[in-house]
Each structure stands twice: as structure tokens, then as C-alpha cells.
1. Given (1) assigned to a loop (DSSP other than H, G, I, E, B); (2) touching a residue at least 40 places away in the same chain (Cβ under 8 Å); (3) out of contact with any helix residue (DSSP H, G or I) (no Cβ under 8 Å at 6 or more places or on another chain), where does residue 12 come up short, assuming only one miss?
2. Among residues belonging to segment 271-298 that are part of a loop (DSSP other than H, G, I, E, B) and crowded, with 18+ Cβ neighbours inside 10 Å, point out the one that is modelled with the highest pLDDT.
3. I'd like to know if segment 171-182 contains one or more residues that are surrounded by 13 or more Cβ atoms within 10 Å (Cβ to Cβ), more than 22 Å from residue 69 (Cβ to Cβ) and out of contact with any helix residue (DSSP H, G or I) (no Cβ under 8 Å at 6 or more places or on another chain).
4. Suppose we filter segment 222-236 for residues that are closer than 19 Å to residue 306 by Cβ, under 19 Å from the mean Cα position of the chain (by Cα) and in a loop (DSSP other than H, G, I, E, B); how many remain?
5. Within segment 211-220, how many residues are surrounded by fewer than 20 Cβ atoms within 10 Å (Cβ to Cβ) and under 19 Å from residue 244 (Cβ atoms)?
6. In segment 29-46, is there at least one residue being within 20 Å of the chain's Cα centre (by Cα), in a helix (DSSP H, G or I), touching a residue at least 40 places away in the same chain (Cβ under 8 Å) and closer than 30 Å to residue 228 by Cα?
7. Within segment 259-270, is there a residue that is part of a loop (DSSP other than H, G, I, E, B), on the phi > 0 side of the Ramachandran plot and not assigned by TED's automatic domain parsing to the domain that holds residue 52?
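The values are calculated or read from the model by the stated rules, or taken from the named source; none is laboratory data. Keep in mind it's a predicted model, so treat the numbers as computed, not measured. Virtual Cβ from ideal backbone geometry, glycine too; neighbours counted across all protein chains shown.
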């Protein structure tokens, strides 16, 4: 919780700040409360200084990307929420360092736009990210991906502002990417260098369309959902589909208040606006699913979606 004068954190910095800022409209679930303080830095220096001050004053700090993979509590969130949507942080430098196969993408850049622009330019490597809503920073942090691959497959370097406010670059030989995780330390992804392969633009665009069409046919992409709610667990040494386990437990279409398990894909939980859905409905449905799957299959599901709530350490950067 911010006390005394929160303006001491940002008044002299190149940022936009909003007290008691509504967050629901900035998330894919479309529910949740307000942030005590929402800050949009315009420069790396402003972001780094803000991180240092939050650590100094013991103010919780979280980063809001595209709003996918996130559930904000109905009572909102304490501390500072940072959003990297200023023009600088949405920059994409194609042909970085004069090399066609390299590009530098800043943390607030839209993965959706990046996928399409890369294909248009005849750069192959990001097709697997088609249909995955994310900012570059969020995608790298959780190694976002799916059946066709993950962002970590093409990451060559990552620049990160650490908890001390210092910018460090982690190179390919230092980085490790695994299923929905990386070995990056706590901090904020400022940019990542991606290695691409020059290819025929038509072939690249065709592959993007094929993958998107597949996802559209198997996932409720138009629903008020944060994507897959649970990680695919390890069962007998192999990844098992969380959606399959939820389906086998008879939970497709299950509902708590305005939150419902998608009848199209059981690992997608959606908000029914007609039912007046709340974040608490989603939480309760998540617990119900965990209990039923554990009883039915003996598997303990873990959430992939991050839950933000007051006093919690989940999602904290500082």
C-alpha cells in the first residue's frame, strides 16, 4: 500500500501517472478493481529510477502487459502498476545492427502486430505466436507459446531492469527457456533481440494464417477469457493436456456465478457478461476445478494465469 505522498515516487520523472486507475478494461477477462497507482514511463531512465524508488520505499511494483494471462481481484491492487505502452517501449527495430535476421523488440510491443509485420517482411520464426495475445515482455517472461512452438525458440538476448534499477543484458548462452518459464531473474523486460530467418513473405503469411485458423477452430478466442487457465501438468513423465483432464472430470460448461468453463476448450475460463461475472467467480471456479481434477485423476493442477490481489506477492517485480 502506498502511504504519505506517492508523488514522491514519480513527480520529477518523465512518466504519466494515474491514481486509483481502473484496470478491468485493460485485461482480457474485463473484470477486477483499480490500481492504487498506474504509471506509464516514457523512457528507460524513468523506469529504472521508478524501480529503484519503489524498492527503497518498499512499494510493491507489478507490470501490466497486454492484460492477457491476468486476473485482477475485485478489490483492486496495491502499490504501483507499470504499463509500458509509451511509443518508445512499443518500438521494433527491424534489421538491428544492420543484420536482416536480427530485430530488437521493446517490452511493450504487441506480439500480434509483430507476428504479422514479420511475416509481411518475409522474416520467419514467430509464426508459432500467431493468435497468442501478449506484449513482448510478458511473452518472454513466461516463454509464451503453444503446440507450434514458443517465443524462447527465437530469443537471442534480453535486456532487463533488475530490482536494483540497473539495466543488464542476458545473452543466449545465459538464457534457459522451458515450458512456460525462463531463468530470467526478477525484473522488467526492456527489450529482446530475436533471431529470424529470411523467407518468402507469402509462405510466412500463409503459415501464420494456418496456425491462427487452427487456434480459432479449437479455442474460444472471442470470449472474455485470459487464455489457458492451467499449465499442462506432467503425468507419467509427459505433458498431459489440462483441458483434457478438466473435460474428463465432467467440468465443461461448469459455472460459478458469471464465470464458466468454455464448452469449446475446457482449459479456458470465460466471463459471462450477462451473468455479471466477477474476479471472485473465476477464483471460486478455479478452486472447484482443482478439487475435482485431483479427485478424478489424482493430478494437482497449477494455474498459468497470474492472480493479482492486495497484499499478495504473486506477480511482484519489486
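1. Going through the list (1) assigned to a loop (DSSP other than H, G, I, E, B); (2) touching a residue at least 40 places away in the same chain (Cβ under 8 Å); (3) out of contact with any helix residue (DSSP H, G or I) (no Cβ under 8 Å at 6 or more places or on another chain), residue 12 breaks only (2).
2. My answer is 278.
3. Scanning segment 171-182 turns up no residue that is surrounded by 13 or more Cβ atoms within 10 Å (Cβ to Cβ), more than 22 Å from residue 69 (Cβ to Cβ) and out of contact with any helix residue (DSSP H, G or I) (no Cβ under 8 Å at 6 or more places or on another chain).
4. Step one: of segment 222-236, the residues closer than 19 Å to residue 306 by Cβ are 223-233.
The next check asks that each one be under 19 Å from the mean Cα position of the chain (by Cα); those that pass are 223-232.
Those still in the list that are in a loop (DSSP other than H, G, I, E, B) too: 223-224, 229, 231-232.
The number of residues fulfilling the criteria is 5.
5. Residues that pass the stated criteria total 5.
6. No, because not a single residue in segment 29-46 is within 20 Å of the chain's Cα centre (by Cα), in a helix (DSSP H, G or I), touching a residue at least 40 places away in the same chain (Cβ under 8 Å) and closer than 30 Å to residue 228 by Cα.
7. Here is the first cut: in segment 259-270, the ones part of a loop (DSSP other than H, G, I, E, B) are 262-267.
Next, only the ones that are on the phi > 0 side of the Ramachandran plot stay: none.
Within segment 259-270 (the criterion being part of a loop (DSSP other than H, G, I, E, B), on the phi > 0 side of the Ramachandran plot and not assigned by TED's automatic domain parsing to the domain that holds residue 52), the answer is no, since none of the residues qualifies.
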